[in-house]
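Got a structure here, written out as structure tokens. Questions coming.
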Amino acid sequence: MDHDDATAMFSAYCDKQLGVPERAALDEHLQSCLVCRRELAKFEATVESVHKLHPMSAPPDFVAGVRDRIHKRSRGRFFRPGQRGRMPIEVVSLVTLGVVLAVYLVVQLLHPQLRLP
Amino acid sequence: MSTSERLLLTRLQARDEEAFEEMVGLYQNKVYNLVYRMMGNAGEAEEVAQEVFVTVFKSIDSFRGDSKLSTWLYRIATNHCKNRLKYLGRRSYKATGELDEAVERELQDSQPSSMRPHIDGPEAVLEGLELERTVQAGIAELDEEHRTLVLLRDVEDLSYDEISKVTGLELGTVKSRLHRARLQLKDFLARWLK
């Protein structure tokens, strides 16, 4: 194995993607090659430095910003201000129908003379 | 795709606004972090990341659920970044790798990051900031495709297979281009840190 062969395996080595024979061949080369050992150390440090970048958080008003954009693009159809948690019209209709039916049944029970012919 | 993701998807496709806010809350930091590192600028990152979620809202019906929701989000995010960089490129914008003031403040105020855990005090903070700046500058030097691959693998921790799904590249191409990108970054950091 020469320097180029070894270098070509650095990425897979860092990601633990080398098969057993490839890993053994690279380890054997590294034992006898100071240049490749140094290069691998730099390569690993590079990968590590990206991995350790500070994770950036979205600004606090991010969700509100997205909501506003969709509200504007949909010409007010979605994310209407003050409409959070509003029940869908289908649910409102069903509940209203249930209440009317319940009132009708109670009236029928209490005043059977009012029953429709 | 997990059962909870599938349930969330069903609610999203029914245009459930609360489900959408829940989804944005879940993924906003992942998407923002990726976009910030791609664009190298907080203002652009916020603009692009918000557009990513607008696209998700508009296109949720076209998502069939044959990959993880996050994979689909990353695909939309990387496409938006590419388009925005192309647009800005025509106006001579370049991701410089400079950290914005607001970002520097966040870094200084944040809990000690793993980049500077050894030494306490202002020197350690400055050292961490300098390294952060240098690495970001190195990332900004990579071309868009190489930058995307490094960020998906080394920042977002995606597997080769997931990266292949996000980028649409063959698995072998992902491996070889990621390797080239890391080598380029190594050379940049070696020059910078001399």
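Going through the range B:6-21 one residue at a time, which ones are within 26 Å of residue A:60 (Cβ to Cβ) and surrounded by 15 or more Cβ atoms within 10 Å (Cβ to Cβ)?
The answer is B:8, B:11, B:12, B:16, B:17, B:19, B:20, B:21.
Here's something else I'd like to know. Which one of A:44, A:48 is in contact (Cβ under 8 Å) with a residue 12 or more places away in the chain and either outside any helix (DSSP H, G or I) or closer than 30 Å to residue B:132 by Cβ (or both)?
So the residue among A:44, A:48 that is in contact (Cβ under 8 Å) with a residue 12 or more places away in the chain and either outside any helix (DSSP H, G or I) or closer than 30 Å to residue B:132 by Cβ (or both) is A:44.
All but one of (1) surrounded by fewer than 18 Cβ atoms within 10 Å (Cβ to Cβ); (2) of a type outside the set (Val, Ile, Thr); (3) away from every other protein chain (no Cβ under 12 Å); (4) within 19 Å of the chain's Cα centre (by Cα) hold for residue B:43; which doesn't?
Condition not satisfied by residue B:43: (3).
I've got another one for you. Filter the range A:17-61 down to the residues that are more than 14 Å from every other protein chain (Cβ to nearest Cβ) and small (Gly, Ala, Ser), then identify the one that is farthest from the chain's Cα centre (by Cα).
Here the answer is A:32.
Now for a separate question. Based on what the data block shows, is residue A:91 over 19 Å from the mean Cα position of the chain (by Cα) and modelled with pLDDT of 95 or more?
No: the conditions fail for residue A:91.
Can we say residue B:150 is within 15 Å of the chain's Cα centre (by Cα), closer than 22 Å to residue A:4 by Cα and either more than 9 Å from chain A (Cβ to nearest Cβ) or at pLDDT 95 or above (or both)?
For residue B:150, the condition - within 15 Å of the chain's Cα centre (by Cα), closer than 22 Å to residue A:4 by Cα and either more than 9 Å from chain A (Cβ to nearest Cβ) or at pLDDT 95 or above (or both) - is met.
Answer yes or no: is there a residue in the range B:156-171 that is within 14 Å of chain A (Cβ to nearest Cβ), aliphatic (A, V, I, L, M), under 19 Å from residue B:74 (Cα atoms) and over 14 Å from the mean Cα position of the chain (by Cα).
yes
The values are calculated or read from the model by the stated rules, or taken from the named source; none is laboratory data. Values in this document were obtained by computation on a predicted structure and should not be read as measured data. All Cβ positions, glycine included, derive from the backbone under ideal geometry; neighbour counts span all protein chains shown.
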